[in-house]
Every structure is written in structure tokens, then in C-alpha cells.
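Reading through the C-alpha cells given below for one structure.
Bear in mind that the values in this text are calculations on the coordinates, not laboratory data. A quick note: this is a predicted structure, and the numbers were derived from the prediction, not measured. Neighbour counts are summed over all protein chains in view; Cβ atoms, including those assigned to glycine, are modelled from backbone coordinates with ideal geometry.
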Amino acid sequence: MNKEVLKALEKDARATPEQIATQTGLPVAEVQKTIEKAERDRVIVKYKTVVNWERLGEEQVQALIEVKIQPQRNVGFDAIAERIYRFPEVRSVYLVSGTYDLAVFVVGKTMQEAAAFVWQKLATLESVQGTVTHFLLKRYKEDGEILDGGGEKGRRQPLTL
């Protein structure tokens, strides 16, 4: 499988096979075959658009929740991770090293909604031993894309003496 094709799609999911062929020097048919195989094999899992909802005035609350769990016999962390990632509020779940076992990203319309997810759904699961919730206050960059715009407004003024 040609990794250059995958890198091009990862950078811009809207790139056409013709554009990728031009970028990589590969024949269009080979690019198309690579994409089709990657989709079939779930190497390409999803095509995604990153939306800056703040620019539209759409309020969203995002939270990172650290979850300490008791692994279950014969299935370890996988079974509880699956129960957690099936909740519609959950965007991502990662097994992590450190004090906590899972990092769970959730989205809600309000802080109360995100908090309610923790105490009504997550903390009540049998294997969950504890949680720590961090509300994300501002997104600067997501999936490699700068959201804040930076520019002069985002830069600090130089110190002059």
C-alpha cells in the first residue's frame, strides 16, 4: 500500500485521485486502487472535516476525562473502553499510561451537560474507580489545523527597554 497516497489524503481528505497522482507521480489507477484497498481494510477509517464552531458562534463544551478503571478478567481494559466509547457524547477514548487508565474526550452543549455525563453515565459504570474532568477552555489547534488564526492579534508584543 502506497503511504504517499495515504499521507496526501490525511493532509487533505478532499484531494481527488487525480490531484494525488500529480503530487506523487503515481498513475491515477494506482492511486484509486490504493484508496479502495485502504477503505476496504479500514486503514482509512473516516474522512473528516474540522469545523471551527466558535467562529459560527456555536457554543460547545469539550472535556477531557481521566478515568481510573478496574480491568476485567480475560478482557482487560477493552470491554469497559467499548462501553464508554458507545456513549454518543464520547468523541475519543484512549488507553494511556500514568495514574489513570483511559483518556475520554466528550462534547456537550453546556458544562452542566458534560458534567452530567460524568456523574450519571461514566462514574456509575461498575469498573470505574475514579474520574478527573478537565474542561477544555480554548482550542488552538486540532488535527494539525490552527483554529485561532494567530496573526498579529495572537502574538505577544516584543519587550523593549
* Structure fact -> Which of (i) 54, 32, 26; (ii) 62, 54, 33; (iii) 55, 51, 26 gives Cα extents along the principal axes in Å as computed here? It is (ii)
* **Nearby aspartates and glutamates by direct alpha-carbon distance to Lys68 (threshold 18 angstrom, same-chain neighbours under 8 apart not counted)** => Asp78, Glu82, Asp101, Glu126
* Asked: What's the extension gain from Leu6 to Glu39 if we count 0.36 nm per residue and subtract their Cα-Cα distance?
  -> 10.8 nm
* Using the structure shown, list the pairs from Lys3/Lys46; Lys11/Lys48; Lys48/Lys121; Lys11/Lys138; Lys48/Lys141 with a Cα-Cα distance above 20 Å, or answer none. => Lys48/Lys121; Lys11/Lys138
* Counting other Cβ atoms within 10 Å of each Cβ, which trypsin sites (Lys or Arg not before Pro) in region 85-147 have at most 16 and sit in a DSSP loop? -> Arg86, Lys109, Lys138, Arg139
* For the pair Lys138 and Ala29, what calculated FRET efficiency results from E = 1/(1 + (r/R0)^6), where r is the Cβ-Cβ distance and R0 = 30 Å, to the nearest 0.05? -> 0.10
* Structure fact -> Treating only Lys and Arg (+1) and Asp and Glu (-1) as charged, each at its beta carbon, one finds that region 1-56 has a dipole about its Cα centre, in Debye to the nearest 20, of 180
* Asked: Alpha carbon centre of region 80-130 versus region 28-69: separation in Å?
  -> 19
* Relative to the compact-globule scaling 2.2 N^0.38 Å, provide the ratio for the alpha-carbon radius of gyration of region 6-51. => 1.11
* **Sparsely packed GluC sites (Glu not before Pro) within region 1-77, loop by DSSP, other Cβ within 10 Å at most 11** => Glu58, Glu59
* **Total formal charge among the other residues, if their Cβ is under 14 angstrom from that of Gln129, Lys/Arg +1 and Asp/Glu -1** => -2
* Exposed-site-free run, longest, the chain (rule: chymotrypsin sites (Phe, Trp or Tyr not before Pro); DSSP loop; at most 14 other C-beta within 10 Å) -> 48-139
